[in-house]
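The values are calculated or read from the model by the stated rules, or taken from the named source; none is laboratory data. Model, not experiment: these values are computed from the prediction. Every residue, glycine among them, receives a Cβ derived from its backbone with ideal geometry; neighbour counts consider all protein chains shown.
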Amino acid sequence: MDFLSAFLTSIHDLFAKKLLEVYDPFSFYFIRCGLCAVIFIFLYSKFAREKFRIPKTTIILIMITNIAVIIRYVFMYWSYQSWRLVHTSLLMCFAPAIILVGSFFFLGEKMQAKK
């Protein structure tokens, strides 16, 4: 399954690199999200058995998380335009380590070995 995920990500990155010759990173991300939203809404309306309500605090937390994801993807697509695809992919592979180091310096998290 990991191989399939890596393969599909590579295909996505190649198409993204070509499409970013036409679109700017911000527009490309929102077009991509819009297509995903249309597909999700169609599938949800077609196959959902029951409707549910989401609390307002959860919606606010989701929106804050989405803002962080938007910033990440816009920077990633910008780096596809500015740098090579390989350099951007390597940088994104180091993202978890960069987040851990950032949480150590900015949030005061303790870095420990996993038990």
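Table for the structure above
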item	result
Checklist (1) assigned to a helix (DSSP H, G or I); (2) without any contact (Cβ under 8 Å) to a residue 12 or more places away in the chain; (3) basic (Lys, Arg) applied to Lys17, failing item	(2)
Condition met for Thr57 (over 27 Å from Gln81 (Cβ atoms), assigned to a helix (DSSP H, G or I) and among the β-branched types (Val, Ile, Thr))	yes
Breaking point among (1) over 21 Å from Val86 (Cβ atoms); (2) at pLDDT 85 or above, for Ile11	(1)
